[in-house]
Amino acid sequence: MSDGHQKKTFVITRFDPDQDEAPRKQSYEIPVHPDWKVLDALNFIKDEIDATLSHRWSCRMAVCGSCGMMVDGEPRLTCKEALSQYGDTVDVAPLANFPVVRDLVIEADGFMEKLTHVKPWIIRAKELAVEEGPMRQSPGELEEFKQFSMCINCMLCYSACPVVANEPEFIGPAAIALGHRYSLDSRDEGAAERNKVFRGEGSVFSCSFANECSEVCPKHVDPAAAVNQAKLNAVIDWATDLVLPRGGEPPQLPDHFPFSGRYLAYTLFDLTGILYLLLGFLVLCAVWSLGSGEAVWNDMLERHRNIFYLGFHAIALVGLIFVGIRFFGFFPKAQPPRVGPVKPPPKGVILVGLYALWIGVTVCLSIVLAGGVF
Amino acid sequence: MIEVTRHDIVIVGGGAAGLRAAIAACEVDPAASIALVSKVYPMRSHTVSAEGGAAAVARDDDNFEMHGYDTVKGSDFLGDQDVIKYFVEQAPRELTLLEHWGCPWSRNEDGTVATRAFGGMSTKRTWYATDKVGFHMLHALFQHSLRFDNIVRYDEHFATKLLVDGGVVRGVAALDVRTGVVRVVLGRAVIMATGGAGKIFPFTTNGNIKTGDGMALAYRAGVALKDMEFVQYHPTGLPGTGILITEATRGEGGYVINSEGERFLATRDYGVGTKAELGPRDMISRAIIQEIEAGRGFSGPYGEYVHLDLRHLGEEKIVARLPMVREISKIYIGVDPVHEPIPIRPVVHYMMGGIDTDITTATSLPGLYAAGEVASASLNGSNRLGSNSLTECLVFGASAGRNAMAFAKGSSEGSEDALRREGEEEAARIVALRGKQKGGEKLSRIRSDLHQTMESGCGVYRMQETMDETARTVAQLRGRYADIALEDSSTVFNTELIAALEMGNMLDVAEAVANSAASRNESRGAHTRRDAPNRDDQNFLYHTLCHFDPAGPRLGKKDVTLGHWEPEERKY
């Protein structure tokens, strides 16, 4: 393969845990061909000079992701980089930021765990049956995530990342890009689950936006963009969690809903909120009328003297009683077991007290409203 | 010393077929323990290099009958017709599942999955994800498989032997590349899914890992290798490296041009008729060789070649549909196909032959199943149509997963003592080979001699004399292989040891290829003889079986399943 016209010296980092205490450098001067990639030189050394040199490679067309190494200090796919762009001496070392197994071979188990951690698969509330056929996805929807699906897992970005160097637990560029890729996929419903992962251990917020990952990516995936989009999603997720119940997700309704009494009661309980909203609105109207003179007040009273208004009040009263009974039922359970030396009274006493208070307040208000006292 | 682990089934190979089998096994029984043994991390598997697409009926103007007929005709009527029918019927289902699992198929404007034309296919039925289909399918399958806790991966474990007890396969012995420990991985059924063996040839699209390991393991365990003489040359490989330029270039409208600027596939009679560039691979490879032999090729530092011209497609279409072709051409041959034609020549691509299986992926050895390129279920006969193989991995991978699970349910575990002993013997063999200093042969010499003889005897055009010569040379190489000397005695990531074990596998496969080829005195599909240029259904409409024997391979025959399509002259 070699034409012998030109020679280069390769300074290769060697380490065999069976024999070496620490990595060492070994030099090989070899004739090189002008068309060679860096990998061709390594294979020449392996075949012709030193069969003990260990490195990974397979497809030699920049898609299997096996042959990433540090070439002159930069993470590179060795099957992709033309030798001609390097000088007479080329330094080849294992990918930085990974434990070394031997020579140019690094341990990828940590990356594999991080990849699994971000749930890089389609998540759906309900799995589709194959009989339903392919889902529709417009070319525009495909374009949303396509770039991030180009990651070949070569891990050059982990070698380039200054954060990974200091915080090995950082989920890291490639894994975040792949998780984010699924969250952007119109067929996926798992973004919320992944946002929890992105906020969790080794979170996306560790990223200091050095952008080194995107600089070295041989497939132009731009993982830095994915990481920072994921940051924004994680922040929004945190904020919605803070403000809305269930993070704003609709409630999960079981199939037998609304036929089960338990869920019926729960729903009615929630629905009474609408009644209080309307009642509040009416009170506002009444206060405004009262402040606008007697004519307006009387007019208001007149307009409300009809069957709908009375019916509404009747329903509101039933709702209030219903909520009151439910609420009183919970109240004794909500007492702390003791406050200092004071124990709460027995359940029966609390209940009787509550109902007595309720009836008392109602009676007083009725008397006030009927004008019997003042 | 030896470590024994036990699972329900063991899958060897983590490419499309192996991963699909593992997922299918999980679907059968979510509680089952599935071992996935692969000599590389699964996403490094060679499926990753497939480019053009995966075939399945999708359009209204298409049907199973048409896909079946195209396939059987492409196979030069050596495909088993029941297998072909099963395959075309399962194909849309499998590609739909891939869609549900996130594969980013390219889309039509209305959001349906897009399809493109491919060689030998009578309509657009090839699903694609630009021109990185294998990459996207492999990663979608692998990432989907990560959700199943019960798939226990043995990454970078090199399976070296099938463990058989009482006539039934019970597991494999596998070398942990990282530690040098040999593990006995036991299961009540084993699926082989290790892919092809292109590395027995010097000039191939195949990656470094495609050394025919699964074929050799089955062969040595007594299972026949079937139709090994049929080696597919892909018409469009880059001179020098052999890197694949996808058939989708022609599917999208590219031209093949000789040194006189002539579109010879359209203007001369090479049997492809009006299909021209969309003819099947065997015919186009032969046409290119004939053009070069007639002096109408170009000469370059890496031999003679012709041109693949995409310039008329325009930059927009090339960027949208064939981005990888452009990327590869620029990096590996310094040509931008938007502005210049790409130099190409036929290159070894795919083994139609493989482990002899039936329609259920079962082999003659109880408990052993095989799927994907490593197997020969006789879907592809003597010539595979482009884009059938990715689908084949899914259809037969899924079938293997289900059938192996069913077998495992009814099978016993075998004698652990006997299996452990077998594993210890295998470990002893590997330890003896590691850093073996006594011997006079060099691994890289044996490899280059093997390459040379395979190319001269089992190329696109073949002759009795050279095939016999190759068979003899391979037998001699076996002798020389026994005398190799190795330098690396380390237990940790010893790639020289792996290469030596792979060389043993390659010699087994090469033996089967050369001897099967020398026995078929006709031209059919990819097996083309200058001294017997015609197909001979009278005498050779059968599958070749090659059985291992320490004294030299024994050849046998197996009937072709016909019944639906009558063999006819193959003209397009």
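What to note about this one:
- ³J(HN,Hα), Karplus 6.51/-1.76/1.60, whole Hz, each residue of the stretch B:544-557, x for Gly, Pro: 7, 10, 10, 9, 6, 8, x, 7, x, x, 9, 9, x, 10
- Rg(Cα)/(2.2 N^0.38 Å) for the stretch B:95-222, N = residue count: 1.36
- Cα-centred dipole magnitude for the stretch B:434-536, charges only on beta-carbon of K, R (+1) and D, E (-1), debye, nearest 20: 60 debye
- Across the stretch A:6-106, C-alpha contacts under 8 Å between residues 6 or more apart give a mean separation that, scaled by the residue count, equals a relative contact order of 33 percent.
- Rounded to whole numbers, the Karplus 3J(HN,Hα) couplings from phi for the stretch A:44-59 are 4, 4, 4, 6, 10, 10, 9, 6, 8, 5, 10, 8, 9, 6, 8, 6 Hz, using 6.51 cos²θ - 1.76 cosθ + 1.60 with θ = phi - 60°, and x at Gly and Pro.
- Sequence-distant contacts, meaning Cα pairs under 8 Å at least 6 residues apart, place the relative contact order of chain B at 22 percent.
- Of all DSSP-defined beta bridges confined to the protein assembly as shown, some 70% are antiparallel rather than parallel.
- Summed over both chains, the area buried between A and B is near 5500 Å², taken from the accessible surface of protein heavy atoms with a 1.4 Å probe.
- Pairwise Cα separations in the stretch A:6-106 fall into 10 Å bins from 0 onward with the following percentages, short to long: 16, 53, 28, 3.
- For the stretch B:434-536, the equivalent ellipsoid derived from the Cα gyration tensor has semi-axes of 33, 12, 9 Å, listed largest first.
- Only the Cβ atoms of Lys and Arg (+1) and of Asp and Glu (-1) were treated as charged; on that basis the dipole of chain B about its Cα centre amounts to roughly 660 debye.
- Solvent exposure of the protein assembly as shown as accessible area per residue, Å², 1.4 Å probe: 40 Å²
- Shape call, the stretch B:236-347: gyration tensor on alpha carbons, a/c limit 1.5: oblate
- Three-way shape call for the stretch A:242-374 based on the alpha-carbon gyration tensor, with the a/c threshold at 1.5: oblate
- Candidate aspartates and glutamates for bridging to residue B:571, where Cα separation is under 16 Å - those fewer than 8 sequence places away on the same chain excluded: B:70, B:76, B:269, B:277, B:282, B:536, B:537
- Area of residue A:189 that stays accessible when all protein chains are in place (1.4 Å probe, Å², to 10): 100 Å²
- Exposure of residue B:541 as accessible area (Å², to 10), given a probe of 1.4 Å and all protein chains: 40 Å²
- Other residues lying with their Cβ under 10 Å from the Cβ of residue B:39 contribute a combined charge of -3, Lys and Arg counting +1, Asp and Glu -1.
- Over chain A, relative contact order from alpha-carbon pairs under 8 Å, at least 6 apart, %: 10 percent
- Across all directions, the shadow cast by the convex hull of the stretch A:267-320 built on its C-alpha atoms averages 3.7 square nanometres.
- Projecting label points 7 angstrom from Cα along Cα→Cβ for residue B:27 and residue A:331 puts them 5.8 nm apart.
- Portion, in percent, of the accessible area of the protein assembly as shown that falls on carbon or sulfur, probe 1.4 Å: 56 percent
- Taking the C-alpha atoms of the protein assembly as shown, convex hull volume expressed per residue in Å³: 249 Å³
- Helix-derived mean residue ellipticity, 222 nm - over chain B, DSSP H n ≥ 4, -39500 (n - 2.57), to 500: -11500 deg cm²/dmol
- Cα gyration tensor, chain A - rounded (a/c under 1.5), prolate or oblate: prolate
- Applying 1/(1 + (r/R0)^6) with r as the Cβ-Cβ distance of residue B:5 and residue A:128 and R0 = 35 angstrom yields a FRET efficiency of 0.50.
- Under 16 Å of direct C-alpha separation, and excluding same-chain neighbours fewer than eight residues apart, residue A:347 reaches these lysines: A:333.
- Between the listed residues A:296, A:266, A:319, the Cα displaced farthest toward the positive end of the dipole of the stretch A:255-334, a dipole computed from Cβ unit charges relative to the Cα centre, is found at A:266.
- Two-decimal Rg to Rh for the stretch B:311-368 - Kirkwood Rh, Cα set: 1.34
- Disulfide-incompatible cysteines by the Cβ rule (no partner under 4.7 Å) in chain A: A:67, A:79, A:151, A:154, A:161, A:207, A:217, A:285, A:364
- Simple label model, 7 Å out from Cα along Cβ direction - residue A:260 to residue A:201, nm: 3.4 nm
- Chain B - share of DSSP beta bridges that are antiparallel (%, nearest 5): 65 percent
- Over chain A: helical MRE at 222 nm, DSSP H runs n ≥ 4 each giving -39500 (n - 2.57), nearest 500: -14500 deg cm²/dmol
- With the largest listed first and rounded to whole Å, the semi-axes of the equivalent ellipsoid of chain B from the Cα gyration tensor are 35, 27, 23.
- Pairs of alpha carbons in the stretch B:141-194 whose separation is greater than 14 Å (percent): 60 percent
- Rg/Rg_ref, the stretch B:1-94, where Rg_ref = 2.2 N^0.38 Å and atoms are Cα: 1.41
- Computed over the stretch A:109-248, the P(r) tail beyond 24 angstrom holds 30 percent of alpha carbon pairs.
- q = 0.09, 0.12 Å⁻¹: log10 I(q)/I(0) that the Debye formula gives for the stretch B:280-429, counting C-alpha atoms only: -0.53, -0.77
- In straight-distance terms, cross-link reach from residue A:7 covers every one of the aspartates and glutamates whose alpha-carbon lies under 19 Å from its own, apart from those fewer than eight places away in the same chain; here that gives A:29, A:35, A:40, A:47, A:48, A:50, A:72, A:81, A:88, A:91.
- For the stretch B:158-235, fraction of C-alpha pairs farther apart than 16 Å, in %: 59 percent
- Long pairs among A:219/B:317; B:161/B:557; B:39/B:199, criterion Cα-Cα beyond 18 Å: A:219/B:317; B:161/B:557
The values are calculated or read from the model by the stated rules, or taken from the named source; none is laboratory data. Not measured: the values here are computed from a predicted model. Cβ coordinates were reconstructed from backbone atoms using ideal geometry, including for glycine residues, and neighbour counts include every protein chain displayed. Accessible surface is based on the protein model in full, side chains and every heavy atom, while ligands, DNA and RNA are left aside. Shrake-Rupley method; radii C 1.70, N 1.55, O 1.52, S 1.80 Å.
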